[in-house]
Amino acid sequence: MATMQDVARRAGVSVSTVSYVLTGARPISQATRDKVHAAMAELDYQPNAMARGLASRRSRILGLLMPMDERGLGATETAFVTGAAAAASAAGYHLVLSPIGVEDTDELRRLASQRMLDGALLMEVQLDDPRVDLLRGLGVPLVLIGRTADTTGLSYVDIDFDRTVRDAVDHLVGLGHRRIVYVNHSPATIAHGYGPALRTRDAFVAAMTGHGLDPLMIAAEDSAAGGRAALSEAFGRAPDLTAVLAMNENAVFGILGELAGRGLSVPGDVSVVSMVTSPQVAELATPALTAMTSPGSALGRIAVETLLRHLDGGSGEIHQQLLPCVLEVRGSSGPPRAAGGDSTTGAGPARPAPARTEEAARRRAATRRRA
C-alpha cells in the first residue's frame, strides 16, 4: 500500500508538501499540486480520512447514537443504519454506530468533548431526551431520527405516526373489523417517554374513536413471550376481538404463535397487522404479515443529508420532515369471520369450541348407527 513518502518521491517533492496539498494548510502552486495528484493516482494512494479533514478541522466522522439492548439490531433497525451509512459514505464521511442511550450522558459528554465527531444523529428519541441538551451545550451539530416533545430549533426526520396508525386502522375497519386491539411496546418503554410508543398510543385512540369504536391497548415486552402474554391479556379483556395491530416486531411472532396454539387461524379468525416493519421481517411470518412498511432507509439518508448541510455552513435552516409508513397487504389480514350472521356487529369471529364440536360429532355418528 502506497504511503505519503512514496507519493513525495514519485512527485519529486517533500513529504510536507504532499501534506500541504492534502490539508490545504499552506498555499501550493497549481503545478506542484498537479504533480502530487498525478503521483497519488499512479500509486493508487488513498489519503487518510483524518488528514483530509485537517484543513477544515473535521474528523469526517458522524456518530449515530442508538441505545442497544438484548434485542440487538433487527432488519427494520438496520434499514435506518444502512440508509445513513450510504449517505455518509457518498459524501466522504464515516458513520460510527455508538450505543449511547438517554442515560449514558457521561459517556456522551466524553465522546463529544474529544471532538471525534463532526456531528451526531440521535435514534430511539424520547420526548424528553437529555442527549439533545447535552450536545447542544457542547456545540455539536445534531439531527434527530425521531422527535422530542419540544422540537423548537431542532432538525429531525421521523415517521408520521398519526397517519400510519390511521391508515392501519382504516384498513382493518374497511375489512369489517370492529374489535381491534393495539399491542404496543413495554410498560417501561412507555413510562420512560419513548416517542413512538406514546405517539402511536394517542394516534390509535384518535383513529378508533373517529370510527366510533372503543380503543384497547396492551403493553407488551419486546419478546415472543411478551407477545403471547399480551394476546392472552387481550382475550381476557376483549374476548370478541377480531384483529390485532402491533408495533412490536418481537412480540408479533409470539402473538402468531399464541393464536396458533389456541387453534385460531390468521386471518380467518383474527387478522394481524404489524406497524413500522421491514419487508424482510414481514415475509418471515406464516402467513406473511400485512404491514405498515417502515421508511427507515429514507429516514437515515435524509437525516445525514440534513446534518451535512448544517456542517457545510449553509443557511442553517431547520429541517423537520415526517414520512408515513406504507401499507403492504399480505396474507395476515382479511374480513372477520361472520358471527351470528353479521360480521360488523363486533360479536367477533366464530370460534368453534373443541369439546362441543367433538360432542356434536359423536351425536351425529350415534344417530347414523341407530338409523
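The values are calculated or read from the model by the stated rules, or taken from the named source; none is laboratory data. Computed from a predicted model, the values in this text were never measured in an experiment. Virtual Cβ from ideal backbone geometry, glycine too; neighbours counted across all protein chains shown. These area figures cover heavy atoms from the full protein model, side chains too; ligands, DNA and RNA do not enter into them. Shrake-Rupley method; radii C 1.70, N 1.55, O 1.52, S 1.80 Å.
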Filtering segment 247-278 down to residues that are among the small types (Gly, Ala, Ser), more than 20 Å from residue 76 (Cβ to Cβ) and touching a residue at least 40 places away in the same chain (Cβ under 8 Å) yields 263, 268, 271
Of the residues in segment 18-46 that are outside any loop (DSSP other than H, G, I, E, B) and over 23 Å from residue 92 (Cβ atoms), the one that is least open to solvent (accessible area, probe 1.4 Å) is 32
Reported set for segment 277-293 where residues are under 15 Å from the mean Cα position of the chain (by Cα) and either at pLDDT 95 or above or open to solvent by less than 20 Å² (accessible area, probe 1.4 Å) (or both) is 277, 278, 281, 282, 291, 292, 293
Taking segment 298-316 and keeping residues at pLDDT 95 or above and either small (Gly, Ala, Ser) or outside any helix (DSSP H, G or I) (or both) leaves 298, 300, 303
Those residues of segment 256-268 which are in a loop (DSSP other than H, G, I, E, B) and either open to solvent by 40 Å² or more (accessible area, probe 1.4 Å) or farther than 15 Å from residue 290 by Cβ (or both) amount to 262, 263, 264, 265
Counting only residues in segment 163-189 that are at pLDDT 95 or above and among the β-branched types (Val, Ile, Thr), the one nearest to residue 254 (Cα to Cα) is identified as 183
